[in-house]
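Notes to accompany the following structure.
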């Protein structure tokens, strides 16, 4: 049997890494971070235990990459869903709704992710995070930013703050209020985007400057 070509090996490595990332998201969402071991992740992914250490320096870095991948997938699906649009304001509204919606749909996973970022490991610059960053930067540029490299970090910080606020145990803010504040900041109408389930205008009214569609 002839040896596999370099492109075939690269594709196999990519698939193996993807399976580990997907298994991490599933297990942490089901069991929590502490109850999930690297062995559990390898078993769920159908991979050898040694491959986890080959691709990732530790469990926390693996989790960050896995969540960044999920965020990228969620954001991409929201931006490209039908009816597809090139309108920058609508795309930014969809982006905000996608990240808020993910926090509401996966509270344990996203809370664990935020906690990891605030710990000693900090913010992991991985390929998944870079793809997410590129997508958010493009969204800011389409919205009309003259300097997306400067304005993208602000959008990222605001979205991270909104996720933290909606998930803060004992003092969580309503997603609708956070959405209204973000929409107002960026000049978006309430009727834009795809609001997360149950996300109605605060107090049953439209925020100032917004309109229903």
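The values are calculated or read from the model by the stated rules, or taken from the named source; none is laboratory data. Just so you know, these numbers come straight off a predicted model, no measurement behind them. When we count neighbours, we look across all protein chains shown, and the Cβ atoms used for this are built from the backbone with ideal geometry, even at glycine.
Would you say residue 164 is outside any helix (DSSP H, G or I) and either surrounded by 15 or more Cβ atoms within 10 Å (Cβ to Cβ) or under 16 Å from the mean Cα position of the chain (by Cα) (or both)? No; evaluated as a whole, the condition is false for this residue.
Only one of the numbered conditions (1) closer than 28 Å to residue 60 by Cα; (2) surrounded by fewer than 21 Cβ atoms within 10 Å (Cβ to Cβ) is not met by residue 185, and that is (1). I'm trying to understand the selection: among the residues of region 58-85, which are surrounded by fewer than 17 Cβ atoms within 10 Å (Cβ to Cβ) and either touching a helix residue (DSSP H, G or I) at 6+ places or on another chain (Cβ under 7 Å) or over 22 Å from residue 194 (Cα atoms) (or both)? Once the filter is applied, which keeps residues that are surrounded by fewer than 17 Cβ atoms within 10 Å (Cβ to Cβ) and either touching a helix residue (DSSP H, G or I) at 6+ places or on another chain (Cβ under 7 Å) or over 22 Å from residue 194 (Cα atoms) (or both), region 58-85 yields 58, 61, 76, 85. Given the structure, is residue 19 at pLDDT 95 or above, in a helix (DSSP H, G or I) and farther than 30 Å from residue 175 by Cα? Judged against the criteria, residue 19 is a match. With respect to being in the same structural domain as residue 167 (by TED's automatic domain parsing) and either closer than 22 Å to residue 36 by Cβ or assigned to a helix (DSSP H, G or I) (or both), residue 84 falls outside the description. Within region 33-43, is there a residue that is farther than 24 Å from residue 166 by Cα, in contact with a helix residue (DSSP H, G or I) (Cβ under 7 Å, 6 or more places away or on another chain), not assigned by TED's automatic domain parsing to the domain that holds residue 192 and not in a helix (DSSP H, G or I)? Yes, there is a match, as at least one residue in region 33-43 is farther than 24 Å from residue 166 by Cα, in contact with a helix residue (DSSP H, G or I) (Cβ under 7 Å, 6 or more places away or on another chain), not assigned by TED's automatic domain parsing to the domain that holds residue 192 and not in a helix (DSSP H, G or I).
On the stretch given as region 104-159, residues that are assigned to a helix (DSSP H, G or I) and either over 30 Å from residue 86 (Cβ atoms) or in contact with a helix residue (DSSP H, G or I) (Cβ under 8 Å, 6 or more places away or on another chain) (or both) total 36.
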